[in-house]
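Colleague: A single structure is presented below for examination.
The values are calculated or read from the model by the stated rules, or taken from the named source; none is laboratory data. Because the structure is predicted, anything quoted here is derived from the model rather than measured. Ideal geometry is used to build each Cβ from the backbone, glycine not excepted, and the neighbour counts take in all protein chains shown. Protein only, heavy atoms only, side chains kept; ligands, DNA and RNA dropped before computing areas. Shrake-Rupley method; radii C 1.70, N 1.55, O 1.52, S 1.80 Å.
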2 protein chains.
Amino acid sequence: MTSSGAATAPTKRGRGEKSSATIYDIAKLAGVNPSTVSRALSKPGRVSAKTQKIIEDAAAELNYQVNPFARALPTGRTQTIGLIVADITNPTFFDIIRGAETTGSARDYTLVLAESAESPETEVIAARRLLSTVDGLILASPRMDDDHIRALAADKPVAVINREVKGVPCVVPDVNKGISEAVRSLAANGHENLAYVAGPKQSWMTARRWDGVKAAAEWSKLGAVRLESSKPTVDGGRQVARDVLESGATAVITYNDLLAIGLMQELQAGGMRVPDQISIVGFDDIFGADFTTPALTTVRSPLGECGTRAVTILLDMLQGHDGPDEAVRVETELVVRGSSGRLLA
Amino acid sequence: MTSSGAATAPTKRGRGEKSSATIYDIAKLAGVNPSTVSRALSKPGRVSAKTQKIIEDAAAELNYQVNPFARALPTGRTQTIGLIVADITNPTFFDIIRGAETTGSARDYTLVLAESAESPETEVIAARRLLSTVDGLILASPRMDDDHIRALAADKPVAVINREVKGVPCVVPDVNKGISEAVRSLAANGHENLAYVAGPKQSWMTARRWDGVKAAAEWSKLGAVRLESSKPTVDGGRQVARDVLESGATAVITYNDLLAIGLMQELQAGGMRVPDQISIVGFDDIFGADFTTPALTTVRSPLGECGTRAVTILLDMLQGHDGPDEAVRVETELVVRGSSGRLLA
DNA sequence: CAATTTTTGGCAACCGGTTGACAAAAGTTG
DNA sequence: CAACTTTTGTCAACCGGTTGCCAAAAATTG
């Protein structure tokens, strides 16, 4: 089965089990030069149909697989894209990861994942390390500063999700549509004062969302205050409940769903009825947003699509195309569930 | 162009931006042979302290980084481990991914992620592809059959999570402790008949859990029936609600939390009060299990720990140690929340 | 101080592909 | 049929590290 003509089996390697055929093995079997094999396998049309066939058969017989490293060494191409997220436990990133993985592997690219643990420094290090081994890099909600990002982008194709960086391809949910839907819906339900619970100071998105809320509130002639949270988690949401009550707002929009869920839990524990006494709107429509009672109304960002888009942009750039010069905007939309509604007395 | 002659800058490469120093650049700068540089940088103690210093300084000055591919080519070592999960959207895997990523990167290994989309065939293909580029592979709840797994394991170190495969290192939550706690707690609360909602037929775990439930129920002298679900998701949980009601059971243990959540939603929508009329216990304690009202009682599997353990085993094997000959068991425990309790009338 | 052992650094051959240059073979054209 | 163009396969030089082998240098010993 293995090799017919010459005596030796393909080179042994590893801990001495399986072997792996090389183009040299194929060349020997097919009676051609290794470089011809290389061309047959990667430069379509460069060799005659006849030789092509012979070589392909030989490759199939030997169960050949290119050695990615041997290929990467001279070419630099690795068929790999890197994804860096701030926090793997944060469900916001789940959909991004999935979108990226799916789109990537459909095009025969493998996803390499790294986490920055929310630290800008770790992030830079991880990015540097990754960048040398991948064809392109996706930064999801990066914490590092713009200059670092541009420095990375100067080296290899980089795409950014959830943040706008001048000169670097970005995929950013356009919050305005979703927010204005949310605010209009709240206004229509009789709310007059709303509160925005902000996320981490260094997050680019927290500012964008507050801008959107403020603008929409003005337009609808509602009062709007910004409250700070200690951290963008369920716990942070619980802690901010007191401030929310003191603010006198009857509707709350939070920086993300986790805050909303924590807030809702704490308010309900304190006897408030949602949405009769207070409406809560989250952000992102993460996994589990509909597990709550009432289910959470939220502004959905199409995060899976962000992942998909980012990969697509990256792969396009790898083909030699230019990245988009404007940030790619994906639409957000309000998902109305039970946690927002008419204000009862 | 690079090799000989005078004061050229390090080789340009890529789309003509940054350059990357090689050991040859360092060698030239330090006035030694490239092989000495290689040794200084990877074989501690092989060169004299003095030369070591000179080389390290030169490396630092040139801002040197090894080229992972060049290193991988002759050695086969890639500093990379692969993780294959059945479904990236399934929150069960989130913690596994995170545990693996964290432990891996602490030891300077990068995680490469792939998804099998629940298909045994895709899984085998992904595994094969990954295996050639990583030092070791983790299979989380694999869908392929035992022989395929053993074949992979013959090639390179492989660790399996959530399933036991003879001859391959496995990390498996020991469901018995958690289940017996759950069943005893239900019995103590006056329940006499319980139902187990099973997961996918091909899942090894669904059988183990049913075995556990059956045994514990017998021990506590409770009746136990097994019900099938169409799919292990929230939706599957909703669909099985009718069967649950018809079974007459007053307590339900489900294959996983998603089923439990869907079931609870559906039962509540139909007017049942949880836990007054029916108790629900899930499995895994996934993200969001405490978002529900009442919060979900569940048997927690330490999934993050599974990821960590699997990586540790793998890295140990890469050091030349043997893998554990017995499956590594991690403890499960009952997390009592609001969805289970005393049966009222 | 010579003989011997231990360190240390250099040489060169890999690892498994890719690719520019070139010549042989095949195909066209006058 | 010769001259010329195009196609196709081969040669050899990389890519950037690692490593076995050997000799020069340094350290140890008689």
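Colleague: So what's the gap between the Cα centers of segment A:227-289 and segment A:321-345, to the nearest angstrom?
Modeller: Segment A:227-289 and segment A:321-345 have Cα centres separated by 18 Å.
Colleague: Right, here's the next one. With every protein chain present, what is the per residue accessible area of the protein assembly as shown (1.4 Å probe, Å²)?
Modeller: Details: 30460 Å² over 690 residues.
Each residue of the protein assembly as shown exposes 44 Å² on average to a 1.4 Å probe.
Colleague: Which angle from 0 to 90°, rounded to the nearest 10, does the C-alpha axis of helix A:146-155 make with the longest principal axis of chain A?
Modeller: Roughly 20 degrees, rounded to the nearest 10.
Colleague: A further question follows. If one takes the longest principal axis of the Cα atoms in chain B, at what angle in degrees, from 0 to 90 and to the nearest 10, does the Cα axis of helix B:49-62 lie?
Modeller: 80 degrees
Colleague: While we're looking at this one, here's another question. What ratio of Cα Rg to 2.2 N^0.38 Å holds for the protein assembly as shown?
Modeller: Values: Rg = 28.3 Å, N = 690, 2.2 N^0.38 = 26.4 Å.
With N residues counted in the protein assembly as shown, Rg over 2.2 N^0.38 Å equals 1.07.
Colleague: A further question follows. For segment B:302-345, max minus min Cα coordinate along each principal axis, in Å, sorted largest first?
Modeller: Extents along the principal axes, in whole Å: 61, 18, 7.
Colleague: Could you work out Rg/(2.2 N^0.38 Å) for chain B, with Rg from alpha carbons only? Don't jump to the answer; show the numbers that get you there.
Modeller: On the way: Rg = 26.6 Å, N = 345, 2.2 N^0.38 = 20.3 Å.
Taking the Cα Rg and dividing by 2.2 N^0.38 Å, one obtains 1.31.
Colleague: For the residue pair B:ARG184 and A:ASP211, what label-to-label distance in nm results when each label sits 7 Å from Cα along the Cα-to-beta-carbon direction?
Modeller: Taking the simple label geometry, B:ARG184 and A:ASP211 are separated by 5.9 nm.
Colleague: With a cap of 16 neighbouring Cβ atoms within 10 Å, and only residues DSSP puts in a loop, list the trypsin sites (Lys or Arg not before Pro) found in segment B:18-78. Before the final figure, lay out each step's value.
Modeller: Values: sites: B:LYS18, B:LYS28, B:ARG39, B:ARG46, B:LYS50, B:LYS53, B:ARG71, B:ARG77; in loops: B:LYS18, B:ARG46, B:ARG77.
Of the trypsin sites (Lys or Arg not before Pro), the ones in loops of segment B:18-78 whose Cβ has at most 16 other Cβ atoms within 10 Å are B:LYS18, B:ARG46, B:ARG77.
Colleague: Under 17 Å between alpha carbons, and skipping anything fewer than 8 positions from A:LYS166 in its own chain: which lysines qualify?
Modeller: A:LYS166 reaches A:LYS156.
Colleague: While we're looking at this one, here's another question. Given labels modelled 7 Å from the Cα in the Cβ direction, how far is it in nm from B:TYR24 to B:SER230?
Modeller: Result: 6.4 nm between the two label points.
Colleague: Separate question: Show me you know the interface measure: the accessible area buried between B and A, both chains summed, probe 1.4 Å, in Å² to the nearest 100.
Modeller: On the way: alone 17340 and 17180 Å², together 30460 Å².
In total, chains B and A hide about 4100 Å² from solvent.
Colleague: Which net charge results for the neighbourhood of A:SER38, defined as the other residues with beta-carbon distances under 10 angstrom from its beta-carbon, given Lys and Arg at +1 and Asp and Glu at -1?
Modeller: On the way: positive: A:ARG39, A:LYS43, A:ARG46, A:ARG71; negative: none.
Overall, the nearby charge balance is +4.
Colleague: Give me the percent of the accessible area of chain A that comes from carbon and sulfur atoms, probe 1.4 Å, all protein chains in place.
Modeller: Details: 7660 of 15160 Å².
Its accessible area is 51 percent carbon and sulfur atoms.
Colleague: Same structure, new question: Give me the percent relative contact order of chain B, please, defined on Cα pairs under 8 angstrom at least 6 residues apart.
Modeller: Values: 684 pairs, mean separation 55.1, N = 345.
So the answer I get is 16 percent.
Colleague: Additional query: Exactly which GluC sites (Glu not before Pro) in segment A:260-345 are in a DSSP loop and have at most 13 other Cβ atoms within 10 Å? Don't jump to the answer; show the numbers that get you there.
Modeller: On the way: sites: A:GLU266, A:GLU305, A:GLU326, A:GLU331, A:GLU333; in loops: A:GLU326.
When the GluC sites (Glu not before Pro) of segment A:260-345 are filtered for loop state and at most 13 Cβ neighbours within 10 Å, A:GLU326 remain.
Colleague: Residues of segment A:91-118 losing 20 Å² or more of accessible surface, assembly versus chain alone, probe 1.4 Å, please list them.
Modeller: A:PHE94, A:ILE97, A:ARG98, A:GLU101, A:ASP108, A:THR110, A:LEU111, A:VAL112, A:LEU113, A:GLU115
Colleague: Suppose each label sits 7 Å from its Cα in the direction of the beta carbon; what would the B:SER119-A:LYS53 distance come out to in nanometres?
Modeller: According to this spin-label approximation, the distance is 3.0 nm.
Colleague: For n ≥ 4 DSSP H runs only, could you compute -39500 (n - 2.57) per run for chain B, divide by its residues and tell me the 222 nm figure to the nearest 500?
Modeller: Helix contribution divided over all residues of chain B: -13000 deg cm²/dmol.
Colleague: Using Cα pairs closer than 8 Å and at least 6 residues apart in sequence, work out the relative contact order for segment A:12-116, in percent.
Modeller: On the way: 95 pairs, mean separation 22.2, N = 105.
The normalised contact order for segment A:12-116 reaches 21 percent.
Colleague: While we're here: Computed from the mean reciprocal separation of all distinct C-alpha pairs, what Kirkwood hydrodynamic radius does segment A:174-301 have, in Å? Working shown, then result.
Modeller: Values: mean 1/r = 0.0718 Å⁻¹.
Roughly 13.9 Å, rounded to one decimal.
Colleague: Here's something else I'd like to know. Using a cut-off of 12 Å between beta-carbons, work out the net charge of the residues near B:GLN79 (Lys and Arg +1, Asp and Glu -1, B:GLN79 not included). Don't skip to the end; give the middle numbers.
Modeller: Numbers: positive: A:ARG129, B:ARG71, B:ARG77, B:ARG107; negative: B:ASP108, B:ASP135.
Charge balance near B:GLN79 sits at +2.
Colleague: Then there's this: For A:LYS221, go through the lysines and keep the ones whose alpha-carbon is under 19 Å away, minus same-chain ones fewer than eight residues off.
Modeller: In chain and number order, the partners are A:LYS177.
Colleague: Something else: Only sites in a loop by DSSP and with at most 14 other Cβ atoms within 10 Å count here; which trypsin sites (Lys or Arg not before Pro) in segment A:111-205 make the cut? Don't skip to the answer; put the middle values down first.
Modeller: Details: sites: A:ARG128, A:ARG129, A:ARG143, A:ARG150, A:ARG163, A:LYS166, A:LYS177, A:ARG184, A:LYS201; in loops: A:ARG143, A:ARG163, A:LYS166, A:LYS201.
In loop regions of segment A:111-205 (DSSP not H, G, I, E or B), the sparsely surrounded trypsin sites (Lys or Arg not before Pro) are A:LYS166, A:LYS201.
Colleague: What do you get for the angle between helix A:92-106 and the principal long axis of chain A? Use alpha-carbon atoms, 0 to 90 degrees, nearest ten.
Modeller: Between the helix axis and the principal axis of chain A, the angle is about 30 degrees.
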